[in-house]
1. Round to the nearest 0.05 the FRET efficiency obtained for Leu146 and Glu97 when R0 = 25 Å and r is the Cβ-Cβ distance.
2. How high is the FRET efficiency from Phe185 to Met278, r the C-beta distance, R0 45 Å, rounded to 0.05?
3. Can you list residues whose amide H is under 5 Å from Val93's amide H, if they're 5+ apart or on another chain and H is modeled 1.01 Å from N?
4. Over the residues of the stretch 189-331, compute the C-alpha Rg and express it relative to 2.2 N^0.38 Å.
5. What is the spin-label model distance, in nm, from Lys81 to Arg29 if the labels are put 7 Å beyond Cα along the C-beta direction?
6. What's the extension gain from Ile154 to Ile210 if we count 0.36 nm per residue and subtract their Cα-Cα distance?
7. By how many nm would the segment from Cys218 to Lys325 lengthen if fully extended, with 0.36 nm per residue of separation less the alpha-carbon distance?
8. Answer with one residue from Val321, Ser281, Cys302: the one whose Cα lies farthest towards the positive end of the charge dipole of the stretch 254-323, charges on Cβ with Lys, Arg +1 and Asp, Glu -1.
Amino acid sequence: MAPELQKRTLAVESSFDSSQFDDDGRVKRTGIDTLLIILSQIPNFNELSALSIIAAIMSFAYSLIGLGLSLAQIAGGNTGKTSLTGVVVGVDVTSSEKLWGSFQAIGNIAFAYAFSTVLVEIQASDLQDTLKSSPPENQEMKKATLIGLSITTIFYTLCGTLGYAAFGNNAPGNFLTGFGFYKPFWLIDFANICIVVHLVGAYQVFCQPIYNLVEGWCSRQWPESKFIKGFMFRLIWRTFYVIVTCIIAMLFPFFNSVLGLLGALSFWPLTVYFPIEMYISRAKIRRCSFVWTWLKVLSGTCLVVSLLAAAGSIEGLIKEVSAYKPFNSVS
């Protein structure tokens, strides 16, 4: 860390009462959890058209802010030490730490592309429209997926490269936190508000398949129950689920490690294996043919990548768990 950055860090830290800051953090977490409980009661939340628009605006907003601040820091010359191979073994980290960190980073990347649960939910909910629409929605979904993946890849690549150019080997796991001691503070706050709004909406969208699965199963098990079909069951079940997930999140606030592990666990089976197997079955691709062989090679390669990412994330979790206090932010 540059001496100037250390001076600014100490100056800002000295202006806060740490006990007040910790209490304020708990209040904010409780407020967000309460908001998640309220929003979880909205049926078919993932079908609200405005949600996608708001999420896209928030994503572009905080990404562009981060990129702009990175460019400004690079232009100002106040950058960290960089190298072609990243952090230096023996200086910044040990060889094992660099290896495990690389595996964990792969898991973080995998998580960014593990959107298949939501994609399947969209296609399932639009099945009837798919059969009647013109042009066919499968073509529209392919086009939307290609555009979405292209934009996502461009932004992630720019954030990764420009972020490393700005911070060097001291680059933080959470991109925007690196600018936390630089003016303008209001811009950093606005970017973090955008992240909160985006994640609150994303949480609800990703939870919808789970809500529908449990509520559908209960309806089939007890078809005559008025309680199951009524609002009270949804209120109790969804509130319970949100509370449990929020408690787990506060107990284990290890951002990059948890993100990497979730990405590793979900990427291969949901984003690679099942789609490939469904395509092979639907297209009736002959076993041991050229296309079949390379699809299997792709699937196997992604499996190895997911296993390595899971190993790196688990190692990171073990390391962080050994030195953390419950309900305190770590990463």
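Where a number appears in this text, it was derived from the coordinates with a stated rule and is not lab data. What you see is a predicted model; the values in this text were computed from it and never measured. Heads up, the Cβs are rebuilt from the backbone with ideal geometry, glycines too, and the neighbour counts pull from every protein chain shown.
1. Calculated value: 0.10.
2. 0.35
3. Distant-sequence amide H within range of Val93: Val88.
4. That ratio works out to 1.41.
5. According to this spin-label approximation, the distance is 3.5 nm.
6. 17.1 nm
7. 34.7 nm
8. It is Ser281.
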